[in-house]
Every structure is written in C-alpha cells, then in structure tokens.
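Every number in this text was worked out from the coordinates using simple rules, so none of it is lab data. Remember, it's a predicted structure, so these values are computed and weren't measured experimentally. Cβ placement follows ideal geometry from the backbone for every residue including glycine, while neighbour counts extend to all protein chains displayed.
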Amino acid sequence: MTRRLDGKVALVTGGARGIGYATAQAFAREWARVVIADLNVAGAQDAAASLGEQAMGLGVDVADPASVTAMIEAIIARFGRIDILFNNAGIGANTPFLETRLEDWNRILGVNLTGAFMVAQGCAREMVRVGEGGKIVNIASLSGQRGANGRAAYGSAKAGLELLTKVMAVELAPYRINVNNLAPGAIETDIAKVMHDEATRAAYGRLIPMTRYGTPEEIADAAVFLCSDEARYVHGHTLNVDGGFREAGLMFKPDAAMQRAG
Ligand SMILES: NC(=O)c1ccc[n+]([C@@H]2O[C@H](COP(=O)([O-])OP(=O)(O)OC[C@H]3O[C@@H](n4cnc5c(N)ncnc54)[C@H](O)[C@@H]3O)[C@@H](O)[C@H]2O)c1
C-alpha cells in the first residue's frame with residue numbers, strides 16, 4: 001500500500017467491468033476516491049460498492065452530451081472536484097471496410113471519439129476551475145496505430161483520440177493538467193470476445209513477442225503510473241502496453257534459423 005493517489009478524486013468511465021474495473025480497483029488501492037461511471041448502471045453501482053464507502057457508482061452514456069453533463073454535476077455535488085480522468089468507455093466491432101455501414105461508423109465514433117472528447121472536455125473544465133492541475137489518460141488502442149482487418153471505424157476513432165490527446169497536452173499544459181494516451185494491445189476482456197475470433201487469437205499468438213494476451217491488471221498498473229506524481233513530466237505521450245506487439249519486427253525461432261544457416 002503506497003497511497004500514490006491519496007485523496008484524489010478519480011473518474012473511471014466504462015468502469016463496471018474489464019480494464020476500467022481493474023483500474024478502478026488499482027486506484028482505490030492507492031487511496032483515490034473513485035467514481036465508476038458506466039452505461040450499465042447496476043454494474044457501475046455494484047463495482048463501486050465493492051470498493052467501499054469512498055467510491056461512487058453512476059450511470060452515464062458518454063455519447064450523450066446531457067448524460068455527460070449530469071455525470072460531471074453529480075461528481076462535483078459529491079466531491080467538489082475531479083483530479084483524475086481514466087477516459088476508458090468504449091465499444092468495439094470487427095466489420096470489414098466494405099461492409100461498414102454509416103450507422104455503425106457513427107455509433108463507434110460517437111462513443112469512442114466524440115464521447116471521449118465530451119468527457120475529457122467536461123473534466124478538464126472542472127480541473128481548470130479548481131486550479132490545482134490534474135491527470136487525464138485517454139484509452140487508445142494498437143488498432144489506432146496499425147491497419148488491421150475489421151477496424152475501419154474502431155481504429156479511426158482510436159487514431160483520432162491519439163491526436164486529440166496531443167492537442168489537449170499542448171493546450172492544457174499551462175493549467176498543469178497532464179494528458180497522455182494509454183494504448184492496450186490484445187487484452188483478455190469482454191470486448192476482445194466480440195472482436196477476436198479464433199483466427200485473430202491465433203494470429204496474435206504469432207505476432208506478440210510475449211506470446212500471450214495481456215490482463216486488465218497489467219493495464220491498471222500502467223494507469224496508476226500515468227496518474228501518479230511519478231509521471232509528472234510524461235506529457236502528450238502514448239504508452240503502449242502490448243507485450244511488444246507494436247515494436248516487433250521479424251520474429252523467428254533461433255534454432256530454426258540455425259538449421260537453415262547450417
Ligand atoms: N480489450 C482489449 O483488447 C482492448 C484493446 C485496446 C483498447 N481497448 C479499449 O479499452 C477500453 C476498455 O475496454 P474493455 O476491454 O475493458 O471493454 P469491456 O467491453 O469489457 O468494457 C467496456 C465498458 O464500457 C462500458 N460502455 C460501453 N459503452 C458505453 C457508453 N456509451 N457510455 C458509458 N459506458 C459505456 C460498457 O458497459 C463496459 O462496462 C475501451 O476503450 C477499449 O476500446 C481494449
């Protein structure tokens with residue numbers, strides 16, 4: 001127990017399960033006062049209850065401006081401030097470019113990009129109002145950095161979020177608000193069940209140097225770092241947490257190469 005986030009008010013969107021819930025747990029272990037906000041209201045409330053009295057569970061649809069405003073008002077009414085935003089709520093789909101319908105495109109960008117923008121803007125305004133700085137971590141994705149099958153809308157939304165983060169980093173630095181991206185690779189959660197069929201899983205097994213999916217807890221550990229004072233000079237950065245997937249080049253078994261050379 002190191003109390004790295006002692007007393008901070010931390011909002012985790014999409015925190016009822018998966019990466020968001022693991023991160024909410026990690027923030028609470030570091031003594032933050034955690035708000036879990038999710039489309040799944042009962043899930044958010046149950047998740048918050050599991051963290052103890054200091055936590056708060058709220059319903060929100062991040063794609064709905066009125067809902068985002070109501071969420072922020074409820075947090076301010078209870079805690080008076082927001083110090084940390086883990087901007088995580090997201091949806092996925094695995095749809096080929098030629099079959100992506102405009103309504104699917106709009107739905108995915110509406111949650112993953114426009115929704116993230118609205119939540120970040122609302123929280124940043126509160127941080128500026130209070131005047132004591134803050135931390136914003138936007139949850140991007142390796143799908144926003146590399147072209148991959150089925151990721152036309154999802155990947156475009158996440159790429160847009162990476163760029164938005166850079167603009168926010170420039171504009172919010174004078175207010176001592178740290179803004180970064182955390183980009184998960186393949187993480188074992190419910191969204192991965194929707195987006196990863198057996199062929200995708202087998203391909204990841206070949207393409208990830210660490211040869212396995214990550215866990216929500218491994219993302220949460222990186223999130224605590226980015227939201228702690230230890231990361232105070234990390235700014236406008238994208239931290240990939242992906243088992244080496246992004247940086248890997250040619251991968252082969254050394255003994256097989258030796259056999260060919262011999
Ligand atoms: N799991 C992965 O492999 C992976 C990889 C890269 C990025 N990500 C990103 O990480 C984030 C979390 O993903 P996860 O794997 O934990 O997914 P998940 O599906 O397990 O959890 C997502 C949560 O977001 C909530 N949510 C969905 N739409 C919402 C909305 N409109 N408003 C509020 N809440 C909403 C859901 O109810 C759910 O609780 C997402 O942004 C996702 O794109 C995940």
Of the residues 133, 240, 194, the Cα lying farthest along the dipole of the stretch 9-261 towards its positive end, which is defined by charges on the beta carbon of Lys, Arg, Asp and Glu, belongs to 240
dims of the stretch 9-261, Cα set, principal axes, largest to smallest, nearest Å -> 67, 42, 37
Comparing 16, 120, 148 in a Gaussian network model of the chain (Cα, 10 Å), the one with the largest mean-square fluctuation is 148
Along the dipole axis of the chain (charges at Cβ: +1 for Lys and Arg, -1 for Asp and Glu; origin at the Cα centre), the most positive-end residue among 167, 51, 98 is 167
Amide H proximity to residue 239 below 5 Å, modelled H, separation 5+ or other chain, gives 181, 182, 183
Long-range amide H partners of residue 35, meaning residues 5 or more apart or on another chain whose placed amide H is closer than 5 Å, are 10, 11, 12, 56
Counting Lys and Arg as +1 and Asp and Glu as -1 over every other residue whose Cβ sits under 10 Å from the Cβ of residue 30, the net charge comes to +3
So, with points 7 Å from each Cα along the Cβ direction, the residue 114-residue 99 label distance in nm works out to 2.5 nm
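Explain nothing, just the number: dipole magnitude of the chain about its Cα centre with +1 on each Lys and Arg Cβ and -1 on each Asp and Glu Cβ, in debye rounded to the nearest 20.
480 debye
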